[in-house]
Amino acid sequence: MISQKAKYALRALAALARAEGGTPMLIGEIAEQQKIPKKFLEQILLDLKHRGLVMSRRGRDGGYLLLKSPEEITFGEVLRMIDGPIAPLPCLSQTAYRKCDDCLSEEECEIRHVFARVAEATRDVLFSATIADTLSDRHPAVVMLSG
């Protein structure tokens, strides 16, 4: 399950991607449009700014803008930034691998074998779905697991 913070981050990025002509959006505008608590949104946008996804502009025409195109920002990238590793088990993480404490053998672990397929399918979807996909009726293809 993704955190509320990650969900709000994705919604804020989608709002910025929809901004007319790439014009900056004020925190208050995004918060109202997306029904995100303003104080929480401030923290999220600051985090996204530090990670190079958005920039802020001061002044009369100020606000937040995307630093990358919506096609370059994947759901997986954002989830990993906000929530950390995406894998269902620590032994399947690509960024924070850790052997499971109770595991005798990763090669023989039947639980790991099933969740490895889940992790792969999840990553395939999350790293192919972009913020641009939220802008139209296009939706990433649904991955069907065989078996």
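General remarks:
- For the range 75-93, a tally of residues being assigned to a loop (DSSP other than H, G, I, E, B) and more than 13 Å from Asp47 (Cβ to Cβ) returns 6.
- The selection criterion, being touching a Phe, Trp or Tyr at 6+ places or on another chain (Cβ under 9 Å) and either at pLDDT below 95 or surrounded by fewer than 13 Cβ atoms within 10 Å (Cβ to Cβ) (or both), does not hold for Ala31.
- Restricting the range 99-118 to residues that are in contact with a Cys (Cβ under 7 Å, 6 or more places away or on another chain) and modelled with pLDDT under 90 leaves a set whose member that is nearest to Met1 (Cα to Cα) is Cys100.
- Qualifying residue in the range 91-98 (condition: within 28 Å of Ala19 (Cα to Cα) and within 19 Å of the chain's Cα centre (by Cα)): no
- Selection count where residues are surrounded by fewer than 20 Cβ atoms within 10 Å (Cβ to Cβ) and under 13 Å from Ala9 (Cα atoms), scope the range 46-65: 4
- Pairing each residue of the range 33-55 that is over 14 Å from Leu16 (Cβ atoms) with any residue that is surrounded by fewer than 13 Cβ atoms within 10 Å (Cβ to Cβ), provided the two are 6+ apart or on different chains, yields C-beta distances under 8 Å for Lys38/Gly28.
- For the range 94-133, the set of residues classified as surrounded by 13 or more Cβ atoms within 10 Å (Cβ to Cβ), outside any helix (DSSP H, G or I) and of a type in the set (Gly, Ala, Ser) consists of Ser128, Ala129, listed by residue number.
- Residues of the range 5-28 satisfying the condition of being out of contact with any helix residue (DSSP H, G or I) (no Cβ under 8 Å at 6 or more places or on another chain) and assigned to a helix (DSSP H, G or I): Lys7, Glu20, Gly21, Gly22
The values are calculated or read from the model by the stated rules, or taken from the named source; none is laboratory data. All of these numbers come straight from a predicted model, not from anything done at the bench. Please note: Cβ atoms are built from the backbone with ideal geometry, for glycine as well, and neighbour counts cover all protein chains shown.
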